[in-house]
Structure formats: C-alpha cells, structure tokens
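Colleague: The structure that follows is given in the form of structure tokens.
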Amino acid sequence: MSESHPSTSRNAVVTIFDGFRAELDDHNDRRERLIKSSRDVTSLSKKVIFLLHRLMTDDVSSKPDQDDRSRALNAASRAREKLKEIQNLFASFSGEIQGDMFWKYHKNVSPGLQEYIEALSFTHYLETGNLITYDQVQASISDDAGNPYFPLPLEDYLLGLSDLTGELMRYAISAISQHGGRTKASQVCTFVREFRAIAYAIAVRSSEYDIPPDMLDDIVSGLTSNAASGDRTRKRQREDEFDDPDE
C-alpha cells in the first residue's frame, strides 16, 4: 500500500488555503467598493435634499411672483436631474450584487439606499403632495426595460420614508414664516400625521401577528395607496371650497 508523499499533501493543503485567501480577498474588495459607492449615494442624496430646501426658500425672495406650485415643480425638476446621477451609480455597481449576493452585502448598501429613498420621497412629495409607493421606488432603481438593479428591501423603504418626516418638519418650519406659510405647514402636518398612522398600523400588525412577508408587502402597498388617495380627495375639497360661488 503506497503512502502519499508529505510534500504532495502539503501542496494540496496550500492550494486549498490559496483558494480561501482568494475568496476572502474578493469578499473584502467587493465590500469596500460597495461601502464607497453607498457613501457616494449618501452624499449625493443629502445634496438633493439641501437643494430642495434651498430652492423652496430662496425662490420666495428671488421670485416673489411665482406661486408655490410652480416653485415646487421647479425644485423637483432640478432634483430629478441629481437623482438620475444616483440611479446611474446604482446601475454601475448592480453587477456586484446580483442574485443572492445582494443579501450578502445588503448591510453595506443599505445606508445609501435609505438616504436615496428619503431624497426621492421628498422630491415626490413636492411634485404630487403624496407619499411615494414601494413600486415607484423600485421602478426608480430599475433599467429602462423595468428590470430592477437589485430588489428593494421593505425595511429600507420604510426606514427611508421615516427619515422623510424630519425633512418635512424642516420644510414646514421654513414655510410658516412666509406668506401663506400657515396653510402649507398645516398641510404638511396633516400628511405627517397620516404617515404616522400608517407606520403604527404596520408596526402593530406585523408584531401582533405572524404575517408572511408577501402579506406585509400587500398591507404596505394598500396603506400607502390609501394615503395617496386621501391626499387627492382633500386637494379636490380645497379646490371646491375656493370655487364655491356662495362664498
């Protein structure tokens, strides 16, 4: 019975550990690239948010004849240009996180993704006065054919929206010192209260009951859609009040 030569066994072990080293090096390099990309996304998203606040306040003094609606649409249009840069960033590193790789490196891209959702939802609010839906966010991080660069985790969507309330508070505080600002601040207050009710409903239902992920997604989609519908109804009611010939 022949015995393997010690050098042969040693070479086999070295080869195995060389493979481990290559795998670890690839993991660390990929992780560092994704962390850097996430930081870039965070930085650009914060710039979008600052841009929106600046345009909504500075334009009041520089363009006093411009109505709030036109001012908001102009600010959102400028923000959309910057958001496109972030979406291009997502596309550039999507190849790094295909399939199950996304969940392996999710924690490395999550901070930037949440900041992006905050900036996107603020832009969407100024455009429409509504809460951006899960599907709309997912569509924004997809290619022209509608193929997602990566799946949008529900928790990142909700946490990004949670950060939106802070920006809306700043927006309302800035607006209240301007002409007609009390009405705008009241609208923001109503919107945030409804969002709080949505978040509470999601938290209660998901904690008290063992809800499958697909059912929780349906709950989130339904609640956000109802909130958007409620915003449109109130808008029509306000318009009817202004158009009432008896007043």
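The values are calculated or read from the model by the stated rules, or taken from the named source; none is laboratory data. These numbers come from a predicted model, not from an experiment. Methodologically, a virtual Cβ is constructed for each residue, glycine included, from the backbone with ideal geometry; neighbour enumeration extends over all protein chains shown.
Colleague: Identify, from the list E127, E115, the residue that is part of a helix (DSSP H, G or I) and either of a type in the set (V, I, T) or more than 25 Å from Q178 (Cα to Cα) (or both).
Modeller: Values: E127 fails: either of a type in the set (V, I, T) or more than 25 Å from Q178 (Cα to Cα) (or both).
Residue meeting the stated conditions: E115.
Colleague: Considering every residue within segment 136-155, establish whether at least one is at pLDDT 95 or above, surrounded by fewer than 22 Cβ atoms within 10 Å (Cβ to Cβ) and among the aromatic types (F, W, Y).
Modeller: Among the residues of segment 136-155, at least one is at pLDDT 95 or above, surrounded by fewer than 22 Cβ atoms within 10 Å (Cβ to Cβ) and among the aromatic types (F, W, Y), which makes the answer yes.
Colleague: OK, next. If you go through segment 73-99 one residue at a time, how many are among the acidic types (D, E) and in contact (Cβ under 8 Å) with a residue 40 or more places away in the chain?
Modeller: Taking segment 73-99 and keeping what is among the acidic types (D, E), we get 81, 85, 96.
Checking the rest, the ones that are also in contact (Cβ under 8 Å) with a residue 40 or more places away in the chain come to 85, 96.
Of the residues in that region, 2 qualify.
Colleague: Could you pull out the residue among S77, S92 that is assigned to a helix (DSSP H, G or I), polar (S, T, N, Q) and touching an Asp or Glu at 6+ places or on another chain (Cβ under 9 Å)? If you could, list the steps in order and put the result at the bottom.
Modeller: Working: S92 fails: touching an Asp or Glu at 6+ places or on another chain (Cβ under 9 Å).
Exactly one residue qualifies, and that residue is S77.
Colleague: Sticking with this structure for a sec: Residue pairs, Cβ under 9 Å, 6 or more apart or interchain, first in segment 134-145 and over 19 Å from S162 (Cα atoms) and among the charged types (D, E, K, R), second part of a helix (DSSP H, G or I) and modelled with pLDDT of 95 or more. List them.
Modeller: D143/A91
Colleague: Does K84 count as out of contact with any helix residue (DSSP H, G or I) (no Cβ under 8 Å at 6 or more places or on another chain) and either part of a helix (DSSP H, G or I) or over 21 Å from L161 (Cα atoms) (or both)?
Modeller: Details: out of contact with any helix residue (DSSP H, G or I) (no Cβ under 8 Å at 6 or more places or on another chain): yes; either part of a helix (DSSP H, G or I) or over 21 Å from L161 (Cα atoms) (or both): yes.
When the stated conditions are applied, K84 passes them.
Colleague: Name the pairs: first residue in segment 100-116 and farther than 19 Å from F50 by Cβ and crowded, with 16+ Cβ neighbours inside 10 Å, second residue modelled with pLDDT of 95 or more and of a type in the set (F, W, Y), Cβ to Cβ under 7 Å, at least 6 apart or on different chains?
Modeller: F102/F150
Colleague: What number of residues in segment 43-59 are charged (D, E, K, R) and within 11 Å of K82 (Cα to Cα)?
Modeller: Initial filter on segment 43-59 (charged (D, E, K, R)): 46-47, 54, 58-59.
With within 11 Å of K82 (Cα to Cα) added as a condition, the list becomes 46-47.
Matching residues across segment 43-59 total 2.
Colleague: Hey, any hits in segment 56-67 for a residue that's of a type in the set (D, E), over 30 Å from S177 (Cα atoms) and surrounded by fewer than 18 Cβ atoms within 10 Å (Cβ to Cβ)? Reasoning before the result, please.
Modeller: Within segment 56-67, the subset of a type in the set (D, E) is 58-59, 65, 67.
Narrowing further to those that are over 30 Å from S177 (Cα atoms): none.
Looking through segment 56-67, none of the residues is of a type in the set (D, E), over 30 Å from S177 (Cα atoms) and surrounded by fewer than 18 Cβ atoms within 10 Å (Cβ to Cβ).
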